[in-house]
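> Mind looking over this structure? Questions follow.
The values are calculated or read from the model by the stated rules, or taken from the named source; none is laboratory data. Only a predicted model underlies this, so the values are computations on that prediction, with no experimental measurement involved. Ideal geometry is used to build each Cβ from the backbone, glycine not excepted, and the neighbour counts take in all protein chains shown.
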Amino acid sequence: MKKLFSILALLATLGLGLAANSYAEDAAPAAAAAVVAPAVEAAPAPAATPAPTPNKGDTAWMLISTVLVTLMVIPGLALFYGGLVRQKNMLSVLMQTFMIFSLMAVLWAIYGYSVAFTGGNPYFGGLAKAFLAGITPDSIAATFSKGVVIPELVFVAFQLTFAAITPALIIGAFAERMKFSAILAFMVLWFTFAYLPMAHMVWYWDGPDAISDAASLETVLANAGWLWAKGALDFAGGTVVHINAGVAGLVGAIMVGKRIGYGKEAMAPHSLTLTMVGAALLWVGWFGFNAGSNLEANGYAALALVNTLIAAGAATLSWAFAEWLLKGKPSMLGAASGAVAGLVAITPACGFVGPMGAIIIGLLVSPICYFFVAKVKYWLGYDDALDVFGIHAMGGVFGALATGVFVNPALGGMGVYDYVANAVGEYNFAAQMTAQAYAVATAVVVSTVVSVLAFKLVDIVIGLRVSEESEREGLDTTEHGERAYHA
């Protein structure tokens, strides 16, 4: 646990060091903190004003984006992680990813969507839409533009894929040694008490049509998620997805313990070919993840797509050249790791920063993540098997803070939109960075506390780790009775 506290102290320094200036109470709220909840019913409109109806182009784009994010998980993440483990554990990683995606899909429909995206309090929603009650093909959800909506079922499906990939990211930290039953039990607890509250706090608001003047803005702020109301910007999940999952992975790596032979036996990836294929699928699917989070097929979706493309490219180059300089050779694993680090870092920023800001974010994130993967992990002695913490948590922290810097219009950013004035508001560096630091710190604390308690409970009831004999033989056969390869 001393290792865990040491790392959390470092994270606190990164996130809270920027919070020295008090948060400006009157700062304009975030323009589009990320994916939004369905808009609440506004005051009755004049009879001459028709109710907004979904645009077929927006609807088609969101359907495609939902499919792209599904591609990220199965097969993208499954192959990326699977290639990184030893051959005897390949199938177990594929199975864990596949089952977690399926489990989260069902839980999302039963209660997850309602808890994340209905009103309740600043920290989590209610159960008014449990079992997707009241949602029909005619139900609509807000976007980021006044008078523009999409079918609510499309929003439900799109957000389902986010809820499914986030827990699946965690498994890389304790790969090759945890019981399959314990993994599923942990994921139910973590999804319920870490993912859903974070999604609500960062992304829930009543939608732009609910804001017409200062008084209505105050009502929206009172109903919104805690971090959205503070003005935290997270376009597609830097805090909700990556910091949240990365910190949980670190806790798991420490509490489950090191793999047998870690640091003494060779544990090289069994197929970097499959890892490269998985990384490429992740990159392609990430266009749906980031550009889809705009909820509309317009110029901001194009901006998010371009930023996703070039930030990942810059991060790939940055990691490869850093490795080339320090190790003498650039590796395929390094290039793939750099691409993922760039994708993670640009996720919260993709709809808020300009292309040059995206390149800078990509260039800077890889050395940070590389340092944690190559140095910090070994200094502190934790066995994060597939570097979930070093890439996702640290990349997410950097990306969340960089968003607050490069959203500045003076640096090519899009600024923070004021829905009362219906224009971009004045940029306030101190207020924005304080809001970003609040979001980072909240994600770290929520994920740490929930993860520690969930792992402990599962350990007491089921036990976390497979036997030494099972671990040496491999989880493919001992947990699933199958092999990934027979040649």
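> Any residue at all in segment 278-294 that is at pLDDT 95 or above, closer than 30 Å to LYS88 by Cβ and not hydrophobic (A, V, I, L, M, F, W, C)?
Within segment 278-294, one or more residues are at pLDDT 95 or above, closer than 30 Å to LYS88 by Cβ and not hydrophobic (A, V, I, L, M, F, W, C).
> Then there is this: In segment 374-400, what count of residues is obtained for those that are surrounded by fewer than 22 Cβ atoms within 10 Å (Cβ to Cβ) and either within 20 Å of the chain's Cα centre (by Cα) or not in a loop (DSSP other than H, G, I, E, B) (or both)?
The total comes to 7.
> From the list GLY237, GLY252, GLY261, exactly one residue is modelled with pLDDT of 95 or more and farther than 30 Å from TRP203 by Cα. Which is it? Can you show your working first?
Numbers: GLY237 fails: farther than 30 Å from TRP203 by Cα; GLY252 fails: farther than 30 Å from TRP203 by Cα.
Unique residue meeting the criteria: GLY261.
> I would also like to ask the following. Being surrounded by 18 or more Cβ atoms within 10 Å (Cβ to Cβ), in a helix (DSSP H, G or I) and in contact with a Gly (Cβ under 6 Å, 6 or more places away or on another chain) narrows it down to one residue among ALA315, ALA291; which is it? Break it down stepwise before answering.
Details: ALA291 fails: in contact with a Gly (Cβ under 6 Å, 6 or more places away or on another chain).
After applying the criteria, what remains is ALA315.
> Now for a different question. In segment 49-134, which helices (runs of 4 or more DSSP H) lie fully inside it and hold 1 or more residues that are without any contact (Cβ under 8 Å) to a residue 24 or more places away in the chain?
Values: elements: 56-71, 78-84, 90-107, 113-117.
Where helices (runs of 4 or more DSSP H) fall fully within segment 49-134 and carry at least 1 residues being without any contact (Cβ under 8 Å) to a residue 24 or more places away in the chain, they are 56-71, 90-107, 113-117.
> Going through PHE131, PHE155, PHE180 one at a time, which residue ends up being buried (at least 24 other Cβ atoms within 10 Å of the Cβ) and not small (Gly, Ala, Ser)?
Working: PHE131 fails: buried (at least 24 other Cβ atoms within 10 Å of the Cβ); PHE180 fails: buried (at least 24 other Cβ atoms within 10 Å of the Cβ).
One residue alone meets the criteria, PHE155.
> Cβ contacts < 8 Å: first residue surrounded by fewer than 24 Cβ atoms within 10 Å (Cβ to Cβ), restricted to segment 334-352; second residue polar (S, T, N, Q) and part of a helix (DSSP H, G or I), any location; separation 6+ or different chain. Result?
ALA335/THR316
> Oh, and also: Only one of ALA185, ALA199 is out of contact with any Lys or Arg (no Cβ under 7 Å at 6 or more places or on another chain), surrounded by fewer than 24 Cβ atoms within 10 Å (Cβ to Cβ) and assigned to a helix (DSSP H, G or I). Can you tell me which? Write out each step before concluding.
Numbers: ALA199 fails: surrounded by fewer than 24 Cβ atoms within 10 Å (Cβ to Cβ).
The unique qualifying residue is ALA185.
> Given (1) over 20 Å from SER366 (Cα atoms); (2) of a type outside the set (D, E, K, R); (3) surrounded by fewer than 24 Cβ atoms within 10 Å (Cβ to Cβ), identify the lone condition not met by PRO330.
That leaves (1) as the condition not met.
> Could you check, for segment 351-368, whether at least one of its residues is over 23 Å from ALA291 (Cβ atoms) and in a helix (DSSP H, G or I)?
Pass one, segment 351-368, residues over 23 Å from ALA291 (Cβ atoms): 367-368.
Going one step further and asking which of them are in a helix (DSSP H, G or I), we end up with 367-368.
Yes, that holds for at least one residue.
> Starting from residues that are more than 18 Å from PHE406 (Cα to Cα) and among the acidic types (Asp, Glu), keep the ones in segment 423-481 and report whichever is surrounded by the fewest Cβ atoms within 10 Å (Cβ to Cβ).
Restricting attention to segment 423-481, the residues satisfying the condition of being more than 18 Å from PHE406 (Cα to Cα) are 423, 441-481.
From what's left, among the acidic types (Asp, Glu): 459, 468-469, 471, 473, 476, 479.
Values: ASP459: 16, GLU468: 10, GLU469: 8, GLU471: 19, GLU473: 14, ASP476: 23, GLU479: 21.
Among residues in segment 423-481 that are more than 18 Å from PHE406 (Cα to Cα) and among the acidic types (Asp, Glu), the one surrounded by the fewest Cβ atoms within 10 Å (Cβ to Cβ) is GLU469.
> Further, regarding this structure: Could you tell me which numbered condition PRO50 fails, if it satisfies all but one of (1) closer than 29 Å to LEU295 by Cβ; (2) under 24 Å from the mean Cα position of the chain (by Cα); (3) at pLDDT below 95?
(2)
> For segment 401-436, give me the residue count where each residue is under 28 Å from CYS369 (Cβ atoms), outside any helix (DSSP H, G or I) and of a type in the set (S, T, N, Q).
The qualifying residues number 1.
> Let me ask you something else. Could you tell me which numbered condition ALA236 fails, if it satisfies all but one of (1) within 21 Å of the chain's Cα centre (by Cα); (2) part of a helix (DSSP H, G or I)?
Every condition holds for ALA236 apart from (2).
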